[in-house]
1. I'm checking my understanding of the structure. Among residues of the stretch 14-51 that are touching a strand residue (DSSP E or B) at 6+ places or on another chain (Cβ under 6 Å) and part of a loop (DSSP other than H, G, I, E, B), which one is farthest from residue 80 (Cα to Cα)?
2. Working only within the stretch 67-92, note down all residues that are at pLDDT 90 or above and surrounded by fewer than 12 Cβ atoms within 10 Å (Cβ to Cβ).
3. Can you find a residue in the stretch 101-117 that is surrounded by 14 or more Cβ atoms within 10 Å (Cβ to Cβ), at pLDDT below 85 and under 26 Å from residue 168 (Cβ atoms)?
4. For residue 38, work out the one condition from (1) modelled with pLDDT under 90; (2) loosely packed, with under 15 Cβ neighbours inside 10 Å it doesn't fulfil.
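The values are calculated or read from the model by the stated rules, or taken from the named source; none is laboratory data. As the structure is a computational prediction, the values presented were derived from the model and not from experiment. Every residue, glycine as well, gets a Cβ built from its backbone with ideal geometry; the counts of neighbours run over all protein chains shown.
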């Protein structure tokens, strides 16, 4: 099972930055590969669930490290949340069923995030540090805040911009 750091962050609620920190402390094994190509496994996921639970119990980092070192893989897997089975729906009269489905659809529609603004390319003609006629990609992060990257930026600049966008965009893909 290959996972990206974003998958781990989403599953556990632990930020990518903190996950990298835990790797540096030795709480997690190093991933396979580097940068955006780094791949994580179930071992990483299970250990993150254990770390999260131990933090919630009030343990400090030193104590977490000592606890993890003593734990067996089976004990660590004990921290993986069990996904409860959804209850079987009760049989409803057809009119109540239709009303319930309409209400569920309305709630789902209200819960949808606002549409994501697409990045746009534009030419800036302002004076200052921005060269005239340079083409820039503007990616909205939050209302009133955008990330600007020159269209001809190096690969490293584009990678850093992508990481910033993924970390701070209001509605990431």
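1. 33
2. Matches in the stretch 67-92: 69, 70, 72, 73, 74.
3. Within the stretch 101-117, the subset surrounded by 14 or more Cβ atoms within 10 Å (Cβ to Cβ) is 117.
Okay, now just the ones that are also at pLDDT below 85, so 117.
Within this subset, residues satisfying the condition of being under 26 Å from residue 168 (Cβ atoms) are 117.
Within the stretch 101-117 (the criterion being surrounded by 14 or more Cβ atoms within 10 Å (Cβ to Cβ), at pLDDT below 85 and under 26 Å from residue 168 (Cβ atoms)), the answer is yes, since at least one residue qualifies.
4. Among (1) modelled with pLDDT under 90; (2) loosely packed, with under 15 Cβ neighbours inside 10 Å, the lone unmet condition for residue 38 is (2).
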